[in-house]
Every structure is written in C-alpha cells, then in structure tokens.
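Q: Below you'll find the structure I mean.
What follows is calculated from the coordinates using simple rules that are stated; it is not laboratory data. Only a predicted model underlies this, so the values are computations on that prediction, with no experimental measurement involved. Glycine also receives a Cβ, built like all others from the backbone with ideal geometry; neighbour counts cover every protein chain displayed.
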Amino acid sequence: MYVCVCRAVTDGDIREAVEQGCCTMRDLRNTLDVATQCGRCALTAREVLNDALQHLARDIAGAA
C-alpha cells in the first residue's frame, strides 16, 4: 500500500528500510524522503515503522 503518495513510498519500502537499519522517522526521511512533501503520511509512516520494528524485535528474540 502507498504510504506517501507524494514520494511514492510504500509500506514495503518502509519495512525494507527497517531491515536495512532505519529505526527512526528521521532515518526514513533521510533514506526514503517520506513525510518531506505535504506531511500527511507522517502518522501512517510512523505506524508502519513501529510495526516493522516490533516484527524485527520478535524475529531477533525468536532467533535467540
């Protein structure tokens, strides 16, 4: 699903960025330019970011 229409950023793009090390909205803005145009996507981008971080934490905990 598109999260940021202005920059054509999808939830998959955000999840992939988290897998590559992004862990803050600042990281996402710098990497994907998400929430840099009109800003309407910021809340949804943060929700996807938090969800991806939680999944990553579960995967790490499960591997231990």
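Q: Where nothing but the Cβ of Lys and Arg (+1) and of Asp and Glu (-1) is charged, how large is the charge dipole of the chain around its Cα centre, in debye to the nearest 20?
A: Computed charge dipole of the chain: roughly 240 debye.
Q: Please work out, to two decimal places, the log10 of the ratio I(q)/I(0) at q = 0.23 Å⁻¹ from a Debye calculation in which every Cα of the stretch 2-63 carries one identical scatterer.
A: Computed log10 I(q)/I(0) values: -0.83.
Q: Oh, and also: Go ahead and run the numbers for FRET between ARG29 and ALA63, Cβ-Cβ distance against an R0 of 30 Å, rounding to 0.05.
A: My answer for the efficiency is 0.55.
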